[in-house]
């Protein structure tokens with residue numbers, strides 16, 4: 001059961017601000033502020049503005065860990081508060097029954113680049129004494145465990161763009177197996193740095209066309225799309241067993257009913273054109289939930305804005321839904337926040353829970369010229385009211401990864 005949410009997003013810090021922006025179709029993409037992008041071909045990104053790492057972590061930790069830690073910690077703080085948990089009053093047993101799964105694509109890559117720049121320009125003595133520890137991906141979940149004093153499993157899942165979908169899925173599997181009563185499942189990434197951005201440009205997967213109109217740059221499913229917008233952010237969910245939630249009268253926002261993942265073993269970057277394996281992941285997640293495609297009323301789409309991804313995801317949905325495909329609405333959050341890499345799955349889950357709660361579907365903005373090969377209902381440009389009892393959250397990633405979650409409205 002999902003009992004808490006947290007959001008630190010380019011289009012809003014905190015769940016209320018994030019959801020208000022998503023409902024209204026407001027973009028969080030702007031000219032890069034983290035460094036001067038003037039000499040770079042890509043000058044825009046989905047940055048989280050207005051969050052000071054010092055205010056979250058304190059001055060000592062803020063300078064000795066990666067930015068992604070501050071984003072994850074802020075999202076986790078909100079999530080724990082919204083779940084009604086008091087970190088100070090957890091018993092010893094509860095601390096061992098509470099764990100952390102953190103999904104991230106790049107982890108501390110921004111911090112590693114920063115430390116390397118200091119090493120080259122100023123010498124090793126100017127580097128942080130924590131340069132190794134803070135650069136190690138596995139320590140990211142430990143930062144959250146230490147923050148809340150919880151002693152259950154503390155694992156980092158890094159499977160590219162599917163990382164936080166897999167983190168939530170693994171939390172579900174642990175709860176089902178009785179290996180814990182509560183997990184914070186977090187998606188967090190902060191990849192906005194000069195070298196990283198230039199490397200994405202080298203791959204020709206980020207759009208070079210909208211430096212002067214950043215809010216229009218992320219254009220999933222539009223015929224004139226030519227790449228995604230790199231972004232950062234963190235989104236968190238608190239997952240508990242039904243018994244654990246009921247024991248403390250926790251608010252139950254939704255149920256994670258099913259999960260599945262696969263690897264089509266095709267290519268390190270390119271997707272197979274057929275869409276067979278993303279479809280299999282969605283079908284398997286539905287089977288895991290004991291549901292069929294006929295039950296699904298909404299899909300949180302991966303929708304990156306690359307020509308290949310959007311075409312393949314459309315084909316995958318047509319495989320899953322058959323003749324119903326055109327009547328099942330789905331939207332791409334990335335049109336508003338950009339692509340926060342391994343955090344995107346958790347972002348989709350948080351927005352979908354809110355859509356189910358409020359009976360309102362967020363839009364896919366910037367869908368100005370529908371692509372003839374993208375022929376589904378993408379909730380184009382304007383959100384709309386809709387009752388949703390069952391939703392699919394889909395993710396597709398580099399390395400041929402696919403993962404899907406099924407969310408269901410909780411009925412007491």
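Throughout, read-outs are computed from the coordinates displayed, never taken from laboratory work. As the structure is a prediction and not an experimental result, all values here were calculated from the model. We place every Cβ from the backbone using ideal geometry, glycine too, and count neighbours over all the protein chains shown.
Within the stretch 219-280, the percentage of alpha carbon pairs spaced more than 17 angstrom apart rounds to 70%. Within the stretch 269-412, DSSP assigns beta bridges of which about 60% are antiparallel (rounded to the nearest 5). Between 208, 340, 363, the Gaussian network model of the chain with springs among Cα atoms under 10 angstrom shows the greatest mean-square fluctuation at 208. For the stretch 212-235, the residues whose amide N sits under 16 Å from a probe point set 7 Å from the Cα of residue 34 along the beta carbon direction are 229-235. In percent, rounded to a whole number, the relative contact order of the stretch 245-393 is 25, using alpha-carbon pairs under 8 Å and six or more apart.
Please give the length that would be gained between residue 375 and residue 128 if that part of the chain were fully extended, namely 0.36 nm times their separation in residues minus their C-alpha to C-alpha distance (nm, one decimal).
Separation in residues times 0.36 nm, less the Cα-Cα distance, equals 83.8 nm.
With the helix formula -39500 (n - 2.57) applied to DSSP H stretches of n ≥ 4, the chain reaches a computed 222 nm mean residue ellipticity of -10500 deg cm²/dmol. Take every Cα pair under 8 Å whose residues are at least 6 apart in sequence, average their separation, divide by the length of the chain, and the relative contact order is 23 percent.
Of interest is the spacing of the C-alpha centroids, which for the stretch 45-89 and the stretch 328-406 amounts to 26 Å. Given the stretch 2-247 reduced to its alpha-carbon atoms as identical point scatterers, what log10 I(q)/I(0) does the Debye formula return at q = 0.07, 0.08, 0.11 Å⁻¹? For the stretch 2-247, the Cα-only Debye profile gives -0.25, -0.32, -0.60. Where both bridge residues fall in the chain, DSSP classifies roughly 65% of the beta bridges as antiparallel. Applying 0.36 nm per residue to the separation of residue 249 and residue 358 and subtracting their alpha-carbon distance, the gain on full extension is 37.1 nm. Take every pair of alpha-carbon atoms less than 8 Å apart whose residues are at least six positions apart; their mean separation over the length of the stretch 262-314 yields a relative contact order of 42 percent. Sorting 225-235, 288-298, 386-396, 210-220 by their mean Cβ neighbour count within 10 Å, with the most densely packed peptide first, gives 225-235, 386-396, 210-220, 288-298.
Every Cα-Cα pair in the stretch 306-359 was counted, and those over 13 Å apart are 68% of them. Placing a pseudo-label 7 Å from each Cα along the Cα-to-Cβ vector at residue 146 and residue 384 gives an inter-label distance of 4.9 nm.
Computing FRET efficiency as 1/(1 + (r/R0)^6) for residue 93 and residue 213, where r is the C-beta to C-beta distance and R0 is 56 Å, gives about 0.55.
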